[in-house]
Amino acid sequence: MSTATAQKKGFGATLWDYLTTVDHKKIAILYLVAGGIFFLAGGLEAMLIRIQLAVPDNDFVSAGLYNQLITMHGTTMIFLAAMPLIFALMNIAVPLQIGARDVAFPFLNSLGFWLFFFGGVLLNVSWFTGGAPDAGWTAYAPLSTTSPGHGVDYYVMGLQISGAGTLIGGINFLVTIVNMRAPGMTYMRMPLFTWTAFVTSVLILFAFPALTVGLFLMMFDRMFGANFFDPQMGGNHVIWEHLFWIFGHPEVYILVLPIFGLFSDIISTFSKKRLFGYSAMVFAVVLIGFLGFMVWAHHMFTTGLGPVANSIFAIATMAIAVPTGIKIFNWIFTMWGGSIRMTTAMLWTVAFIPSFTLGGFGGVMLAAAAADYQYHDTYFVVAHFHYVIVGGVVFGVFAGLHYWWPKFFGTMLSEKLGKLAFWPFFIGFHLTFFIQHFLGLMGMPRRYWKFLPNQDLDLGNLVSTIGAFLMAIGAVIFLINVIVTSVKGEKVSGDPWDGRTLEWSIPSPPPFYNFTQTPLVRGLDPLWIEKRQGNGKMTPAEPLGDIHMPNNSFIPFVMSLGLFIAGFGFIYQVDDKNWLIVGIAGMLITLGSMFVRSVKDDLGYHIHKEDLEKGAGSE
């Protein structure tokens, strides 16, 4: 299917194509668009928070609305923006980097996206039905279990559905990386982005069930009269914190590890060097993944776990700084002596190193349990995790989009506009969050709706708000870049960066079957090895043959829609038992589509060798 015919499709046909697609590259675009929209929503919520805190004793939003804003900002940014944008990058790159034709389970890949999407939409419907969740993004009991209205119910159902999608996605990538690597692509030859995607998938597999269990218990507390978190009925508040953070701390590494891998690939490409200390980097990633599960209670130093527990978690938290430090030195050593090209992707990468390191310093300070009694629940913590999440994940997403945009769309984002977007965002980021460390040390608590005059907090908050506006300007310039690039539509070659890994060995955007012939991998940075030997393209590992491809399917969309409908039924049956009919109807739609999927033989189709030979001529 050449691009000429693809461009002639009408809007309806294109829409249907995306609703039913199981192609990992199109699913990557779906994740990118949905995650981008939620990112803008979360950003808007952040701007409203900063406007409210720009001056003392402000009445820009009410106290109740402020609680909804901080809850939805955190929940949206973590679950509905950062996660899907990382899944977009994993979907576009991982199968290409290991020389696979698709992910292991294309149907599940589609299902994972639609579950995430409908869960996110359900969560945001709460704004229009009497109030969003207002118990903070961590939804601590008893605040969440006693919160009036249906806001927290939307939180519980939305995250259940969305989390199921993420779990499915993680399992899918795990199987893909274990089973579908091209011949010669041993584990220690995988690009670091694939390695980090692999460890991230393991983390998703072990971390998300804890969240699922916690949300399940909260659902029964709020909707069916259970008492898991009610101490008067023999329940326990702190159990929710444990369940939430057993998921919540690995979640931070789920977000940031793929970004580490991406930066490793970018630095290697634009320094024209092999990654320094490749095997040390791999072990550091695995160690971070392992230790990430042993530090959750550092979020709970002030709950009274006792000195023994506090000490153990403090030591584990400080230990996790070591593998991260190894990575930072290795990135710097990779650039050392390289012929560096300061592309926009590289600019974001270089900016990440000091920003993320500062975030790490804050983390080590917070790890000291005794000191944490002072820092806890102040703006110091807000500053710390934004340095890690924005200075790590958001910088990384911008870098990754500039780097892999050709693989998504076959065009290049404007370097000039890219750098123009970088500076206001970068400066604004440091203005917004650096000063919050000091606001926190001066005693400004988190989650407070307003602060009073004459507390020496005025200037710091004003500076922070100005910084937030600068970040917004950077984000808008990035959007303009995307629009300009799409309108121009200048096509680029398959290898615009002179890359080192397999995704650059095929055209941009890739054909829907990825590789005409599976490539033979002969070492780390396989494409670079072939270039050094003067081949210019990969040596195939197999003769040209028919390619088996999966059929598109509308079932994932319908299954997710069923759960979306059921969510409303379960939320509102508290007020009126007749809503249970809606819940049951939604579940029947989902179970019915699962049944159809089970009994229908879907054997896919073949692309014939003769068609490939014609296509290979035009590539």
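When the alpha-carbon atoms of segment 93-251 are used, the pair Rg, Dmax equals 18.6, 61 angstrom.
As a size descriptor, the averaged projected area of the C-alpha convex hull of segment 209-334 was calculated at 9.5 nm².
In order along segment 318-327, the Karplus-derived 3J(HN,Hα) couplings, from 6.51 cos²θ - 1.76 cosθ + 1.60 at θ = phi - 60°, round to 5, 5, 5, 5, 5, x, 5, x, 3, 5 Hz, and Gly and Pro are given as x.
Surface composition of segment 93-132: carbon plus sulfur atoms contribute 76% of the solvent-accessible area (1.4 Å probe, protein chains only, all chains present). ILE477 contributes about 30 Å² of solvent-accessible surface, heavy atoms of the protein only, 1.4 Å probe. Report, by chain and number, residues whose modeled amide H sits under 5 Å from the one on LYS491, excluding near sequence neighbours (fewer than 5 apart, same chain). For LYS491, no residues qualify.
Beyond 22 Å, how much of the Cα-Cα pair distribution for segment 1-155 remains, as a whole percent? Of all Cα-Cα pairs in segment 1-155, 52 percent lie more than 22 Å apart. Each of MET90, GLY64, GLY10 was scored by the projection of its Cα onto the charge dipole of segment 1-92, and the greatest displacement toward the positive side belongs to GLY10; charges sit on the C-beta of Lys, Arg, Asp and Glu. The C-alpha atoms of the chain define a longest principal axis, and helix 83-97 lies at about 20 degrees to it. In plain terms, if you count all Cα to Cα distances in segment 105-163 and split them into 10 Å steps from zero, the share in each step is 25, 44, 21, 9, 1 percent.
Each Cα pair under 8 Å and six or more residues apart adds its separation to the average, and for the chain the resulting relative contact order is 16 percent. Of all aspartates and glutamates in the structure, those lying under 18 Å Cα to Cα from LYS416, and not within fewer than 8 positions of it along the same chain, are GLU490. Compute the Cα gyration tensor for segment 330-414, then decide on rounded, prolate or oblate, letting a ≥ b ≥ c be the square roots of its eigenvalues: rounded whenever a/c is under 1.5, prolate when a/b is larger than b/c in the other cases, and oblate in all that remain. In terms of gyration-tensor shape, oblate. Surface calculation, 1.4 Å probe, protein heavy atoms: HIS299 sits at approximately 50 Å² accessible.
When the Cα centres of segment 427-460 and segment 99-171 are compared, how far apart do they sit, in Å? Rounded to whole Å, the Cα centres lie 31 Å apart.
Here segment 212-328 exposes an accessible surface that is 74 percent carbon and sulfur, computed with a 1.4 Å probe and the other protein chains kept in place. Only helices enter this figure: runs of n ≥ 4 DSSP H residues, each worth -39500 (n - 2.57), summed and divided by the residues of the chain, yield -22000 deg cm²/dmol at 222 nm to the nearest 500. Phi-derived couplings, Karplus 6.51 cos²θ - 1.76 cosθ + 1.60 at θ = phi - 60°, listed residue by residue for segment 54-60: 5, 10, x, 6, 7, 10, 4 Hz, with x used for Gly and Pro. For segment 265-282 versus segment 288-348, the inter-centroid distance based on Cα atoms is 19 Å.
Segment 379-404 and segment 544-607 have Cα centres lying 35 Å from one another.
Rolling a 1.4 Å probe over the heavy atoms of the protein chains gives the chain an accessible area of 39 Å² per residue. Among the protein heavy atoms of segment 399-463, carbon and sulfur supply 71% of the accessible surface, probe 1.4 Å, non-protein parts ignored. Per the Debye formula on identical point scatterers at the alpha carbon atoms of segment 558-619, with no solvent, log10 I(q)/I(0) at q = 0.22, 0.25, 0.26, 0.27 Å⁻¹ is -0.82, -0.91, -0.95, -0.98. The ellipsoid equivalent to the alpha-carbon distribution of the chain has semi-axes of 39, 30, 23 angstrom, derived from the gyration tensor eigenvalues as √(5λ) and listed largest first.
The values are calculated or read from the model by the stated rules, or taken from the named source; none is laboratory data. All values derive from a computational prediction rather than experimental measurement. Cβ sites come from the backbone with ideal geometry, for glycine too, and all protein chains shown count toward neighbours. Surface accessibility is based on the protein's heavy atoms, side chains included, excluding ligands, DNA and RNA. Shrake-Rupley method; radii C 1.70, N 1.55, O 1.52, S 1.80 Å.
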